[in-house]
Amino acid sequence: MKIRMINTSKHPLPKYSTPYSAGVDLCANLAETGPITLLPFERQLIPTGLFIELPAGYEAQIRPRSGLAIKHGITVLNSPGTIDADYRGEIRVILINLSHELFVINDGERICQMVIAEHQQAEWIEVDILSETERGDGGFGHTGR
C-alpha cells in the first residue's frame, strides 16, 4: 500500500524497523519551539510535522511506545488515537507523563507508533431482541479469565 505524506519536519519519513513491524515510530517536530518538558501527570499535544492521505476504509492508529512507557511512564493519552481517512491536518500526539519525574521531549525524539489498519463502517439495525449466547450479558470478569 502506498500512502501520500507531507513532511514539514527535518526528520526522515517514518519507516518500519524490521520486516515484521506492524507500526512505524513518529518523531516530535520541535525545531521551532525547542524541547518540551512534561511535568508529572501533565499532558501536551506534540507536533510531528507529518500530514497523511489515507485511502477510504483505512485508519492510522497512534499508540504508545513500550520503551517510553516502561522506562519513563510516558504514554499516549487517548490510546489508540485514530486518524480518519478524511483528516488532512498535522498528526499531533497527546502525550501524558504518568511518572513522578519530569520528562523532556527533544526534537526528533520517537514519541509514538503509528499502525495503519483496515476498517469497515457498520449499518446499524435497530431491533427489539438480540440472539442468545452462553455468556449473555455477563460483563467484566464474567468469564472467570
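The values are calculated or read from the model by the stated rules, or taken from the named source; none is laboratory data. Computed from a predicted structure; not experimentally measured. Glycine also receives a Cβ, built like all others from the backbone with ideal geometry; neighbour counts cover every protein chain displayed.
Does Gly108 fit the bill of being part of a loop (DSSP other than H, G, I, E, B), closer than 18 Å to Cys27 by Cβ, at pLDDT 95 or above and out of contact with any Phe, Trp or Tyr (no Cβ under 8 Å at 6 or more places or on another chain)?
It is true that Gly108 is part of a loop (DSSP other than H, G, I, E, B), closer than 18 Å to Cys27 by Cβ, at pLDDT 95 or above and out of contact with any Phe, Trp or Tyr (no Cβ under 8 Å at 6 or more places or on another chain).
Among the residues of the stretch 20-34, write down those that are assigned to a loop (DSSP other than H, G, I, E, B) and of a type in the set (A, V, I, L, M).
To start, the set of residues in the stretch 20-34 that are assigned to a loop (DSSP other than H, G, I, E, B) comprises 20-22, 28-34.
Matches in the stretch 20-34: Ala22, Ala28, Leu30, Ala31.
Read through the list (1) part of a loop (DSSP other than H, G, I, E, B); (2) over 18 Å from the mean Cα position of the chain (by Cα); (3) among the hydroxyl-bearing types (Ser, Thr, Tyr); (4) at pLDDT 95 or above, then give the number of the only condition that Thr37 fails.
(1)
Can you name every residue in the stretch 8-24 that is free of Cβ contacts under 8 Å to residues at least 60 places away in the same chain and under 18 Å from Gln61 (Cα atoms)?
Selection gives Leu13, Lys15, Tyr16, Ser17, Tyr20, Ser21.
Quick one: which of Glu109, Glu123, Glu118 is farther than 23 Å from Tyr20 by Cβ and surrounded by fewer than 16 Cβ atoms within 10 Å (Cβ to Cβ)?
Selected residue: Glu123, the only one of Glu109, Glu123, Glu118 that is farther than 23 Å from Tyr20 by Cβ and surrounded by fewer than 16 Cβ atoms within 10 Å (Cβ to Cβ).
Determine, yes or no, whether Glu90 is surrounded by fewer than 18 Cβ atoms within 10 Å (Cβ to Cβ), free of Cβ contacts under 8 Å to residues at least 12 places away in the same chain and in a loop (DSSP other than H, G, I, E, B).
In short, no.
Return yes when Ala60 is small (Gly, Ala, Ser), more than 23 Å from Val104 (Cα to Cα) and part of a strand (DSSP E or B) and no when it is not.
Judged against the criteria, Ala60 is a match.
Being hydrophobic (A, V, I, L, M, F, W, C) and under 16 Å from Asn106 (Cα atoms) is true for just one of Leu77, Leu45, Leu13, Leu54. Which residue is that?
Leu45
Let's see how each residue does on (1) touching a helix residue (DSSP H, G or I) at 6+ places or on another chain (Cβ under 6 Å); (2) more than 30 Å from Pro55 (Cα to Cα); (3) without any contact (Cβ under 8 Å) to a residue 60 or more places away in the chain; (4) assigned to a loop (DSSP other than H, G, I, E, B):
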residue	(1), (2), (3), (4)
Ser79	no, no, yes, yes
Gln113	no, no, no, no
Ile116	no, no, no, no
Gln120	no, no, no, yes
Glu123	no, no, yes, yes
Ile129	no, yes, yes, yes
Gly141	no, yes, yes, yes
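For residues that are polar (S, T, N, Q) and touching a residue at least 40 places away in the same chain (Cβ under 8 Å), tally how many sit in the stretch 25-77.
So the answer is 5.
Give the residues of the stretch 81-111 that are of a type in the set (Gly, Ala, Ser) and under 17 Å from Thr48 (Cα atoms), sorted by residue number.
Gly81, Gly89, Gly108
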